[in-house]
Amino acid sequence: MKNINKRIFLLLFVCIALYSCKKEESYNEPASTDMTKPDVVSNVKVQNFNGGATITYSLPNSKNILYVLAQYKINGLTTRETKSSYYSDTITVEGFAKKQAYDVTLFAVSRANVKSDPLVVKVNPDTPPYLLVKPTINAQADFGGIKITGTNPSSSNLGIILLGFEGNVSDVIDQNFSKLATIDYSVRGYQPVEKKIGYYVIDNFGNISDTTYKSITPLFETILDRSKFSTYRLPSDGVIAYGWDLPYLWDGRTDGSSNGWHTAPGGVMPAIATFGLGVSAKLSRFILWERPDGGDKFAYGHGNPKVFSLWGSNVSTPRDANLPMSAPEGTVIGDWTNLGNYNYPPPPSGATPVAHTTADNDFVKAGVSFNVPLISPKVRFVRLSVSTTWSNGTFAHAMEMAFYGDAR
């Protein structure tokens, strides 16, 4: 079952990656009637890199050359072809499964589609990215699930496949594909009982790492009761405006049809809201609902937070503190600890913020989840500190916040 799952998800990933990432080159110039076999390329030089190599050469002295073709096996089974037009003296071959020697066969191809004699070039790619990334991947217990971390210094397009087990039968429970240099995400929705998992790394070219197996017991997590939240106004908090008072930030209404929290224009940044949770809890994450489009296009604009921080205190009556525009995670200022620094994600459509789509607005309306680091202390009070809004203005607003964690 495990190998079947690997093959299915690998096939899907490879198909999508090759379709979306392949550089299309057109060779639709008029065909030639000259059936002369081209000479081979010469002066070949190889520059190896992780998982591939760049080959430079001199083209034969012929005006009838259309492109250079490279044929090679990347893992003993899969054969790839790469083409480079006659305007170039370089061809890149990649996707090799291991750090070892491989043969690459080069052909000069004429406009009449006549190939030259083959020229075999030896390449020695360094360790491919998927094998470099695999040892850095770690799975550990997280609130309500599993936290996956690792590093991808080359920002290669890779997938991390997470397996779950029922007895001896495995199934894919999550797949995460990314080019991010830092890998850090959580898979949630599990009870705090021991769970056997496995994980492996795949790349665009059909290569699969070995699988690591371990047992993990997710940490207990629940949503905190918002009926217990309370205002805790401090002198450095933002001045409330337009009747959008702080309790609207936890009234359960997120769609923009009612009030939220809103500070007055012309205020000092960061714009801060301080409130109590009603319990002492170790937070796992929170959801922020920004102001969606209404009569105007508020999403990704106006006073919606773009860069912000969350601060917390477990003191029964924490004192005021002037929070900076930014501070490293874990910074302690008076009774307050920086629990995390956050950037609201850009429009999923890829559109510019001012030209966001209806789907982007739906994303805002659904709320965005942000993780609180596992090492963060328990807190009774939190401060939402907005340093930058999408309009770069001097006020901030939000519709709703919900917090998850362990208050036992």
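Being in a loop (DSSP other than H, G, I, E, B) and either in contact (Cβ under 8 Å) with a residue 40 or more places away in the chain or crowded, with 20+ Cβ neighbours inside 10 Å (or both) is a property that Asp142 lacks. Out of the residues in the stretch 51-102 that are of a type in the set (Phe, Trp, Tyr) and farther than 18 Å from Asp203 by Cα, which is nearest to the chain's Cα centre (by Cα)? My answer is Tyr102.
Taken over the stretch 372-394, the criterion of being more than 20 Å from Asp320 (Cβ to Cβ) and out of contact with any Leu (no Cβ under 6 Å at 6 or more places or on another chain) is satisfied by Pro373, Leu374, Ile375, Lys378, Thr388, Thr389, Trp390, Ser391, Asn392, Gly393, Thr394.
Listed here are the residues, each with its yes/no results for (1) outside the structural domain of Val172 (by TED's automatic domain parsing); (2) among the β-branched types (Val, Ile, Thr); (3) under 26 Å from Asn157 (Cβ atoms); (4) crowded, with 20+ Cβ neighbours inside 10 Å.
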position: Glu194; (1), (2), (3), (4): no, no, no, no
position: Tyr200; (1), (2), (3), (4): no, no, yes, yes
position: Asp203; (1), (2), (3), (4): no, no, yes, yes
position: Asn207; (1), (2), (3), (4): no, no, yes, yes
position: Asp210; (1), (2), (3), (4): no, no, yes, no
position: Tyr213; (1), (2), (3), (4): no, no, yes, no
position: Ile216; (1), (2), (3), (4): no, yes, no, no
position: Thr231; (1), (2), (3), (4): yes, yes, no, no
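Among the residues making up the stretch 249-268, those that are touching a strand residue (DSSP E or B) at 6+ places or on another chain (Cβ under 6 Å) and modelled with pLDDT of 95 or more are Leu249, Gly260, Trp261, His262, Thr263. Is it the case that Val120 is hydrophobic (A, V, I, L, M, F, W, C), surrounded by fewer than 14 Cβ atoms within 10 Å (Cβ to Cβ) and under 30 Å from Val68 (Cβ atoms)? Against the criterion (hydrophobic (A, V, I, L, M, F, W, C), surrounded by fewer than 14 Cβ atoms within 10 Å (Cβ to Cβ) and under 30 Å from Val68 (Cβ atoms)), Val120 qualifies. Is at least one residue of the stretch 166-173 at pLDDT below 95, assigned to a strand (DSSP E or B) and in contact with a helix residue (DSSP H, G or I) (Cβ under 6 Å, 6 or more places away or on another chain)? Looking for residues that are at pLDDT below 95, assigned to a strand (DSSP E or B) and in contact with a helix residue (DSSP H, G or I) (Cβ under 6 Å, 6 or more places away or on another chain), one finds at least one in the stretch 166-173, hence yes. Only residues in the stretch 313-336 that are assigned by TED's automatic domain parsing to the domain that holds Lys378 and at positive phi count as the first member; pair them with residues that are in a loop (DSSP other than H, G, I, E, B) and of a type in the set (A, V, I, L, M, F, W, C), Cβ under 8 angstrom, at least 6 apart or cross-chain, and list the lot. Partner pairs satisfying both residue conditions: Gly330/Ile375; Gly334/Ala321.
For residues that are of a type in the set (Gly, Ala, Ser) and out of contact with any strand residue (DSSP E or B) (no Cβ under 8 Å at 6 or more places or on another chain), scanning just the stretch 93-128, find the one that is nearest to Leu77 (Cα to Cα).
Of the residues in the stretch 93-128, the ones of a type in the set (Gly, Ala, Ser) are 95, 97, 101, 108, 110, 112, 116.
Applying the additional criterion that residues be out of contact with any strand residue (DSSP E or B) (no Cβ under 8 Å at 6 or more places or on another chain) yields 97, 112.
Values: Ala97: 11, Ala112: 30 Å.
So, considering only residues that are of a type in the set (Gly, Ala, Ser) and out of contact with any strand residue (DSSP E or B) (no Cβ under 8 Å at 6 or more places or on another chain), the one nearest to Leu77 (Cα to Cα) is Ala97.
Scan the stretch 44-81 for residues that are over 21 Å from Ala101 (Cβ atoms) and either outside any strand (DSSP E or B) or without any contact (Cβ under 8 Å) to a residue 40 or more places away in the chain (or both) and jot them down. Ser58, Leu59, Pro60, Asn61, Ser62, Lys63, Asn64, listed by residue number.
Scanning the stretch 81-88 turns up no residue that is in contact with a Gly (Cβ under 7 Å, 6 or more places away or on another chain), under 27 Å from Ser209 (Cα atoms) and surrounded by fewer than 20 Cβ atoms within 10 Å (Cβ to Cβ).
The values are calculated or read from the model by the stated rules, or taken from the named source; none is laboratory data. Not measured: the values here are computed from a predicted model. Glycine also receives a Cβ, built like all others from the backbone with ideal geometry; neighbour counts cover every protein chain displayed.
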